[in-house]
1. Search segment 69-85 for residues being among the charged types (D, E, K, R) and touching a residue at least 40 places away in the same chain (Cβ under 8 Å), and hand back the single one that is surrounded by the most Cβ atoms within 10 Å (Cβ to Cβ).
2. Check residue 173 against each of (1) modelled with pLDDT of 90 or more; (2) under 17 Å from residue 122 (Cβ atoms) and name the one condition it does not meet.
3. Being at pLDDT below 90 and either aromatic (Phe, Trp, Tyr) or surrounded by fewer than 18 Cβ atoms within 10 Å (Cβ to Cβ) (or both) is the filter here; which residues of segment 232-259 pass it?
4. State all residues of segment 157-179 that are surrounded by fewer than 14 Cβ atoms within 10 Å (Cβ to Cβ) and in contact (Cβ under 8 Å) with a residue 24 or more places away in the chain; if no residue qualifies, say none.
5. Examine segment 97-113 for a residue that is crowded, with 21+ Cβ neighbours inside 10 Å and either at pLDDT 85 or above or not in a loop (DSSP other than H, G, I, E, B) (or both), and state whether such a residue exists.
6. Find all pairs meeting these conditions: Cβ atoms under 7 angstrom apart; at least six residues apart or on different chains; first residue within segment 180-208 and over 25 Å from residue 221 (Cα atoms); second residue assigned to a helix (DSSP H, G or I) and among the acidic types (Asp, Glu).
7. Pairs, please: C-beta under 6 Å, at least 6 apart or cross-chain, first residue under 18 Å from residue 253 (Cα atoms) and in segment 133-152, second part of a helix (DSSP H, G or I)?
8. Show the residue pairs that are 6+ apart or on different chains and have beta-carbon atoms under 9 Å apart, the first residue being within segment 40-68 and more than 14 Å from residue 1 (Cα to Cα) and of a type in the set (Asp, Glu), the second being buried (at least 19 other Cβ atoms within 10 Å of the Cβ) and modelled with pLDDT of 85 or more.
Amino acid sequence: MERDELADFLRRRREAIRPAEVGIADGPRRRTAGLRREEVAMLAGMSVDYVVRLEQGRSSQPSTQLLGALARALRLSDDERDHLFHLAGHQPPPADGVAALARAGLVRMLDLLGDTPALVVSDLGEILAQNRASVLLTGDHAAYTGDRRYAVYRWFTDPVFRTLYPADEQEALTRRMVADLRAAAGRRAGDATVAGLVERLRAASEEFRRLWAEHEVAVRRADRKTILHPRVGRMLMDCETLVTPDQGQLLLVLTPADAEARERLELLLVLGTQAFPTSGPVR
């Protein structure tokens, strides 16, 4: 870990960001160049004290999860993110697979979408980044580790995660998730990450084994789903999917499909964050 270099890099990247780039008002009394330390802490979900110690070269070695949060908060490019990991004494995450981080350009798009729920998802269903509206709509997915990072794994191993969706829509959602995973497995033939996930799902769920054996294939592009929100009720949402050229990451944008859903989303944005009982898949 190169503490002094890491401290200088973080400080300079913080000072280079305009508050408006991350949705923070740039008021007339602002004297700090770029973001304040407390603003970085807020965006990264960590304490201000730890950000201060990082910038002063006094911190312990940050974890890869913390580095990923800092990379997103500071809107680092892929090259800058890799440099951050090297300075902290870690290997950068691979371009795809279980440790992937959301691409900087997609994270910026999340900010631009504002009150429209949107999230960045890997081709295997890992939720890599969300905007505030998405967290309010489907819960905060940032804390999941291991196989629980994958929406498809949670869907087949924990029935609680299905409660966001009406019972009469769950079979269709289940089949679409399996068919989409089958398409990803085809694109990434020979990839140990995909093969391992499939085998663990086969071992954990008889339902998954049965559907996987049917060999249905379908890439998820656009669809409509009903979300049963615990606070504002039933919401019919359209989901549009934008895919990166290598098909490794997707930007999912959820918009209200009718006036009732639009009104309930507006209410949800006013009500703000709550303790979310479940954060089921949105793919």
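The values are calculated or read from the model by the stated rules, or taken from the named source; none is laboratory data. Computed from a predicted structure; not experimentally measured. Methodologically, a virtual Cβ is constructed for each residue, glycine included, from the backbone with ideal geometry; neighbour enumeration extends over all protein chains shown.
1. Ranking the candidates gives 72 first.
2. Only one criterion is unmet by residue 173, namely (2).
3. Within segment 232-259, 241, 242, 243, 244, 245, 246, 247 meet the criteria.
4. If the condition is that a residue be surrounded by fewer than 14 Cβ atoms within 10 Å (Cβ to Cβ) and in contact (Cβ under 8 Å) with a residue 24 or more places away in the chain, then 160 is the only one that fits.
5. yes
6. Correct list of pairs: 200/147.
7. Pairs that qualify, where the first residue is under 18 Å from residue 253 (Cα atoms) and the partner is part of a helix (DSSP H, G or I), are 136/268.
8. These pairs meet every condition: 49/41.
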